[in-house]
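Working notes, structure below.
The values are calculated or read from the model by the stated rules, or taken from the named source; none is laboratory data. Worth saying up front: this structure is predicted, and the values here are computed from it rather than measured. No Cβ is skipped: glycine too gets one built from the backbone with ideal geometry, and neighbour counts run over all protein chains shown. Heads up: the accessible areas ignore ligands, DNA and RNA and are worked out on the full protein's heavy atoms, side chains in. Shrake-Rupley method; radii C 1.70, N 1.55, O 1.52, S 1.80 Å.
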Amino acid sequence: MEKILVTGANGQLGTELSVLSTKHSQFEWILANRTQITLDDLKVLAKQLKEIQPNIIFNCGAYTAVDKAESEKEIAFTVNHLAVQLIAKYAKENNAKLIHISTDYVFDGTSSIALNEEAETNPINIYGASKRAGEIACLTENPNSIIIRTSWVYSKFGNNFVKTMQRLMKEKESINVVNDQIGSPTYAADLAQAMLDILDSPNWIPGIYNYSNEGEISWYEFALSIREFGKYNCNVGGVPSASYPTPAKRPQFSLLDKKKIKRIYNLDVPDYRESLRKMFV
């Protein structure tokens, strides 16, 4: 029986994979939390990988505190770059399949068209730079890896924009949401299923792929959909990013082009409203 290791199993994507694991009992699942897989201590991580001996690795674990990363560069790069390098090296040496999760934050946000996998990367914050370094290290150490870039991830589990909006819309009469950052949300349950569809496919075509739900929207428009499906009475206003200065810059435009993953793996990518509606059922 092949053994699947899921890093970051307590996160949004890891938890969704945990839910789906019950339908894929042909695998032995190792759903690893931060103690079982220690991404910020490379010596410990090397020992853990050797002990677990996975045949397949879903690397969902990451340092994702975007603003905090500006003052915690070393830990961000350890987790998002050096740990990924080590995992990719292990996968190469042990002939294990690796799907590594990356981000739209590898881009600078200056594009005006959907970004494909060949678009130029130019991170504008430490988090994005650390994730881009991880991508490069992953494919350098193990060219047989698959990397999936995703964006605006949310789930019923963990902390995310949708759950924050639900809480605020219950508590407040009115809120403001930035309307000049454009992209598309990703329902973590959809991404988890896509990962398993890739694993189940007879084809294993390494390289970088994009995955998010369909739709080109701002965070403000996303908030309006959340209000609609949640039947909240809160007033939602749109404001520029300058109204909410943050330590880390955000890409203004990071819409991902999904043609490659749809073509190669014949994936059906749902519209963001269809997936958001599932979360409210």
Point to revise | Residues of the range 82-113 that turn out to be over 14 Å from the mean Cα position of the chain (by Cα), open to solvent by 20 Å² or more (accessible area, probe 1.4 Å), on the phi < 0 side of the Ramachandran plot and of a type outside the set (Val, Ile, Thr), as a count | key: 12
Practice item. Six or more apart or on different chains, Cβ under 8 Å: which pairs go from a residue in the range 232-244 that's farther than 11 Å from ILE175 by Cα and hydrophobic (A, V, I, L, M, F, W, C) to one that's open to solvent by 40 Å² or more (accessible area, probe 1.4 Å) and assigned to a loop (DSSP other than H, G, I, E, B)? Could you list them? Key: none
Exercise for review: Restricting attention to the range 96-131, report how many residues are β-branched (Val, Ile, Thr) and more than 23 Å from PRO206 (Cβ to Cβ).
Suggested key: 4
Practice item. Could you tell me which of the residues ASN10, ASN59 is within 19 Å of TYR154 (Cα to Cα) and in contact with a strand residue (DSSP E or B) (Cβ under 6 Å, 6 or more places away or on another chain)? Key: ASN59
Study note, to complete from the structure: Filtering the range 199-217 for residues that are surrounded by fewer than 17 Cβ atoms within 10 Å (Cβ to Cβ) and among the hydroxyl-bearing types (Ser, Thr, Tyr) leaves a count of 1
Practice item. Sort out which residues of the range 114-127 are among the aromatic types (Phe, Trp, Tyr) and open to solvent by 60 Å² or more (accessible area, probe 1.4 Å), and write them in order of number. Key: none
Practice item. Would you check which residues across the range 222-248 are open to solvent by 80 Å² or more (accessible area, probe 1.4 Å) and under 24 Å from the mean Cα position of the chain (by Cα) and list them? Key: TYR244, PRO245, PRO247
**Study point:** Odd one out for LYS258 among (1) touching a residue at least 24 places away in the same chain (Cβ under 8 Å); (2) open to solvent by 30 Å² or more (accessible area, probe 1.4 Å); (3) under 21 Å from ASP108 (Cα atoms)
**Key:** (2)
Practice item. Name, by its number, the condition in (1) farther than 25 Å from LYS262 by Cβ; (2) at pLDDT 95 or above that does not hold for SER102. Key: (1)
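Looking only at residues in the range 149-169 that are open to solvent by less than 20 Å² (accessible area, probe 1.4 Å) and part of a strand (DSSP E or B), which one is farthest from PHE107 (Cα to Cα)?
The residue in question is TYR154.
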Revision key, fill the gap. Counting only strands (runs of 3 or more DSSP E) entirely within the range 1-67, those with at least 1 residues that are polar (S, T, N, Q) are 3-7, 56-59
